[in-house]
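First comes the structure, then the notes that go with it.
The values are calculated or read from the model by the stated rules, or taken from the named source; none is laboratory data. Keep in mind the model is a prediction, meaning the values are calculated, not measured. Positions of Cβ are backbone-derived with ideal geometry, glycine not excepted, and every protein chain shown enters the neighbour counts. Note: accessible area is taken over every heavy atom of the protein model, side chains too, but ligands, DNA and RNA are not part of it. Shrake-Rupley method; radii C 1.70, N 1.55, O 1.52, S 1.80 Å.
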Amino acid sequence: MSTGQTERPEQGDNDETATTTAVYVYGIVPSDVEPEDHAEGVGNPPAEVSVVRSGRVAALVSEIPTDRALGTPDDLKAQAELLDGTVTVAPVLPLRFGAVLTDRDAVAAELLEGNEDELASALDQLEGLAQYVVKGRYVEKTILQEILEENSEAAQLREQLRGQSEDATRDARMALGEIINATIEAKRAEDTRRTVEALSSLEPMVNERQPTHEQDAVHIAVLVELERQDDLEQALQELGREWENRVEFSLLGPMAAYDFVAKSDPGEGG
């Protein structure tokens, strides 16, 4: 994305176009944003991305055939790449995937015009910020050993299982599994708190996400200043060294503020 005031030519009124295409809306940006020539939208081949402007705000859009189903992995990837690429140069309010309006006039009238002040204010608040997703996963062998060392009941149950058949130890296995799951849940809460504390100097907004795996240690989205990405990476590296061979971290981003923006459908207002 780049910024500038040059308007792209509007699509001409064409009965065939009006009845066979619609306009897909990706997100809201300041009105001076202009798509790069290589920006690609959903579709195969990828649709050309353009903007619809109204006052201080604009919508990133592309035309799509009305008979084309949306929701393929490539569609989801295209939307994410467009929005995440935009956030590195301009604030963006992502819309829910699959936001479609009849034409460009509808985008201006139903989405932008009545909501200009609210959208512009939200964009101002996101200026210079980006979302990152921090994920940590326990190293299975290490966390299991930690639990056995801390919990004598778990250690005793583990001893009972040695050299025994599954059928003979079904109850013990279930009991041990419950202890492990409950202990990991408690450790996850504490390690998430510790991670948020380690990032506190960045003054992030934080959204705790649900675990996606039973051995997830941390899963949070943080909204921080783009220019402090190096500080974010350094803080996680320091925590990773502290938890070496216990928790493995990954960091995704920068990306649009998906976890921190109310993703309305076009025309909903508010």
Determine how large the accessible area of T102 is when every protein chain is in place; take a 1.4 Å probe and give Å² rounded to the nearest 10. 90 Å²
The chain: most fluctuating residue of D103, D75, D171 per GNM, C-alpha cutoff 10 Å: D171
In Å², and per residue, what accessible area does the chain have when probed at 1.4 Å with the other protein chains present? 55 Å²
Where the accessible area of segment 99-160 is counted over protein heavy atoms with a 1.4 Å probe, how much of it, in %, is carbon and sulfur? 43 percent
GNM, the chain, Cα, under 10 Å: largest mean-square fluctuation among T88, T212, T66? T212
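Efficiency by 1/(1 + (r/R0)^6): what FRET value for E150 and L251, r their Cβ-Cβ distance, R0 = 25 Å, to the nearest 0.05?
Working: r = 29 Å, r/R0 = 1.15.
The computed FRET efficiency comes out at 0.30.
Tell me, in nm to one decimal, what length is gained between E244 and R56 on full extension, where the rule is 0.36 nm per residue of separation less the Cα-Cα distance?
Numbers: separation 188, 0.36 × 188 = 67.68 nm, distance 4.83 nm.
Stretched fully, the E244-R56 segment lengthens by 62.9 nm.
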Roughly to the nearest percent, how much of the accessible area of segment 29-78 is carbon and sulfur, given a 1.4 Å probe? 49 percent
Each residue of segment 195-206 in turn: what ³J(HN,Hα) in whole Hz from Karplus with 6.51, -1.76, 1.60 and θ = phi - 60°, glycine and Pro shown as x? 5, 4, 4, 5, 9, 4, 5, 7, 6, x, 7, 10
Could you list, bin by bin from short to long, the percent of Cα-Cα pairs of the chain in 5 Å steps? 1, 5, 11, 13, 13, 11, 9, 8, 7, 6, 5, 4, 3, 1, 1, 0
Dividing the mean separation of Cα pairs under 8 Å (6+ apart) by the residue count of the chain yields a relative contact order in percent of 23 percent
Cleavage-rule hits (trypsin sites (Lys or Arg not before Pro)) in segment 112-183: DSSP loop, at most 11 neighbouring Cβ within 10 angstrom: R162
Tilt, helix 116-126 to longest principal axis of the chain (alpha-carbon atoms), in degrees rounded to tens, equals 40 degrees
Projected label distance in nm at L161 and V89, using a 7 Å step from Cα toward the beta-carbon: 5.4 nm
Rounded tilt (10° steps) of 73-86 against the dominant C-alpha axis of the chain: 80 degrees
Determine the shape class of segment 73-181: with a ≥ b ≥ c the square roots of the Cα gyration tensor eigenvalues, call it rounded for a/c under 1.5, and otherwise prolate if a/b is greater than b/c, oblate otherwise. prolate
Check each of the GluC sites (Glu not before Pro) in segment 150-215 and keep only those in coil by DSSP with at most 14 other C-beta atoms within 10 angstrom; list them in order. E166, E214
Provide the gained length on full extension for the span E190 to D171, in nm with one decimal, where the gain is 0.36 nm per separating residue minus the Cα-Cα distance. 3.9 nm
